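Taking it in order: structure first as structure tokens, then the write-up.
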Amino acid sequence: MATSAFYDLGPLEEIAVNLFHGWGYNFYRKENQLRADDQLVRGKVGALLGSARKSVEMAQSDYRREFLPPPTREKPVPDAAAVAGAQAIERLSKSIGALQGLITAQPVPENDRMTQRYRQEAETLAQLISSDQKLVGQAELLRTMVDQKSGKWLVENMSALQEGIAAINETLRTRQMLLFPAT
């Protein structure tokens, strides 16, 4: 039984390696672990931003309920400042949602022979992990800034929140430049 081809390690290893290369994947390579880590981290960043957006949407709902009551005969038109505040919170929510979509849709380097020939994949992935660590920090900072805050607080601190959105966008641009350097 031990002399069967199913027990001969040399040919079995050769078959396995050929299949791995044919599939374009070898789970023993460092690059594949880094690629998986990158995708996991971006998923977590997306979850942090989703939580931030949920907090902003709850604050927006409370803000509208408090500052934009239904029209009455005495006050048929809502306060313009309250409307502007509600719109600013809504734009903030949309910006966070757009960032969430951009981050989760970010590509990782392809696992193909051409990529491996012209770029050091492991080095690029290590740089992406560094970039993604920055994204995690920025997303968590934004999440903690908006967590359990009132709509009024969001309106009063909108410039700091927009600065956070801009910083995350800049980190995403830097990340994209790592993947697609200008030639």
Notebook entry, point to check: What are the lysines whose alpha-carbon lies under 30 Å from the alpha-carbon of K94, with same-chain residues fewer than 8 places away excluded?
Noted result: K44, K54, K75, K134, K149, K152
Notebook entry, point to check: Taking the range 31-92 on its own, what percent of its Cα-Cα pair distances exceed 14 Å?
Noted result: 68
Next item on the list: Determine the sum of side-chain charges near G50: Lys and Arg each +1, Asp and Glu each -1, restricted to other residues whose C-beta is under 11 angstrom from that of G50.
Entry: +3
Check: Between L68 and E170, what length in nm is gained on full extension when 0.36 nm per residue of separation is reduced by their alpha carbon distance?
Finding: 33.2 nm
Check: If R0 is 25 Å, what FRET efficiency do you get for V136 and A105 from their C-beta distance, rounded to 0.05?
Finding: 0.90
Notebook entry, point to check: Hey, rough spin-label estimate for M145 and D79, points 7 angstrom out along Cα→Cβ, what's it come to in nanometres?
Noted result: 2.5
Note to self: Quick check: residue separation of I129 and M58 times 0.36 nm, minus the Cα distance between them. What number comes out in nm?
What the structure shows: 22.4 nm
Notebook entry, point to check: With every protein chain in place, what's the accessible area of V155 (1.4 Å probe, Å², nearest 10)?
Noted result: 50
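The values are calculated or read from the model by the stated rules, or taken from the named source; none is laboratory data. Note that this is a predicted model, so its numbers are computed, not measured. With ideal geometry, Cβ positions are generated from the backbone for all residues, glycine too; neighbour counts draw on all protein chains shown. When the accessible area is computed, the model is the full protein with side chains, heavy atoms only, and any ligands, DNA or RNA have been set aside. Shrake-Rupley method; radii C 1.70, N 1.55, O 1.52, S 1.80 Å.
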